[in-house]
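For reference, the structure discussed in these notes is given below.
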Amino acid sequence: GKSDRVVRLEGEAFFEIAPDEKRPFRLETGPVTTTALGTAFNATSRDDRVEIHLTEGRVSVKNPMQEVILNPGEMAAVNDRIEVGLFDEGQVTAWKEGRITFQKKSITEILSLLEKWYGVSITDKSSLDKKRTVTGTFNNENLADILNGLSFSVGFVYQIDDKNVQIQ
């Protein structure tokens, strides 16, 4: 708008914000507001959890009870309270280049991520240890290629039928 720059987000997006002191940029993700003047950050808003990963500049992350200022390399994870930590930029922003990266992710987390990334429903009827962790990177690959790689290393069989995937 002419007087402000406000975006509401459900999902994930990467922002590169041009400086404008008269019109600060505000990102609203549920009850969390992130304010930036000139910066770059990744924002994720899913399942009542918001994460802001700052790659450049400074941002303010605010919910009804707290406000924190982030510096590059810091992230804010917001549930009821805001927790600040560090993150690996390459891992968080890999999706922008079409890469999926797993760094010690459980099978459960990986299947959930694949469902969101590819817009499918995955039913797991296998006896896999769901807490087993996997590390790997897939570059611009389709779902079948990723499942082939995972099935080889973890040991399962899968079948894709349109938007439904069965793991056995």
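No value in this document is a laboratory result; all are computed from the given coordinates. Nothing here was measured: the structure is a model prediction, and the numbers come from that model. Quick reminder, even Gly has a Cβ in these numbers, built from the backbone with ideal geometry, and neighbours come from all protein chains shown.
Once the convex hull of all Cα atoms in segment 1-54 is built, its volume per residue stands at 67 Å³.
The reciprocal of the average 1/r between distinct C-alpha atoms defines the Kirkwood hydrodynamic radius, which for segment 59-124 equals 14.2 Å.
Computed over the chain with a Gaussian network model linking Cα atoms closer than 10 Å, the most mobile of Val78, Val154, Val92 is Val154. Using only Cα atoms, tell me the angle between helix 107-118 and the longest principal axis of the chain; keep it within 0 to 90° and round to the nearest 10. Between the helix axis and the principal axis of the chain, the angle is about 70 degrees.
Among the GluC sites (Glu not before Pro) in segment 80-158, those placed in a DSSP loop whose Cβ has at most 15 other Cβ atoms within 10 Å are Glu141. Whole-Hz Karplus values for segment 157-168 come out as 10, 9, 9, 10, 10, 6, 9, 10, 10, 10, 10, 10 Hz, taken residue by residue from phi with 6.51 cos²θ - 1.76 cosθ + 1.60 and θ = phi - 60°; glycine and proline positions read x.
Loop-located trypsin sites (Lys or Arg not before Pro) across segment 82-126 with a Cβ neighbour count of 10 or fewer within 10 Å are Lys125, with loop assigned by DSSP.
Sum up the charges of everything whose Cβ sits under 13 Å from the Cβ of Leu27, counting Lys and Arg as +1 and Asp and Glu as -1, but leave Leu27 out.
-2
Pairs of lysines in the chain whose Cα atoms sit within less than 21 Å of one another amount to 17, provided the residues are eight or more positions apart or on different chains.
Shape analysis of segment 65-168 based on the Cα gyration tensor places the equivalent ellipsoid semi-axes at 30, 15, 13 Å, largest first.
Calculate how large, on average over all directions, the projected area of the Cα convex hull of segment 1-143 is; give the answer in nm² to one decimal. If you can, show how the numbers build up before the last one.
Values: hull surface 38.9 nm².
So the mean shadow area of the Cα hull is 9.7 nm².
Of Ser106, Ser60, Ser127, the residue with the greatest mean-square motion in the GNM of the chain, using alpha carbon springs below 10 Å, is Ser127. Counting charges near Glu83 (Lys, Arg +1; Asp, Glu -1) among other residues having Cβ under 15 Å from its Cβ returns a value of -2. Considering only Ala144, Pro31, Val84, the residue lying farthest towards the positive end of the dipole of the chain is Pro31, judged by Cα position with unit charges set on Cβ.
Look at where the Cα atoms of segment 1-74 and of segment 83-157 average out, and the two centres are 26 Å apart.
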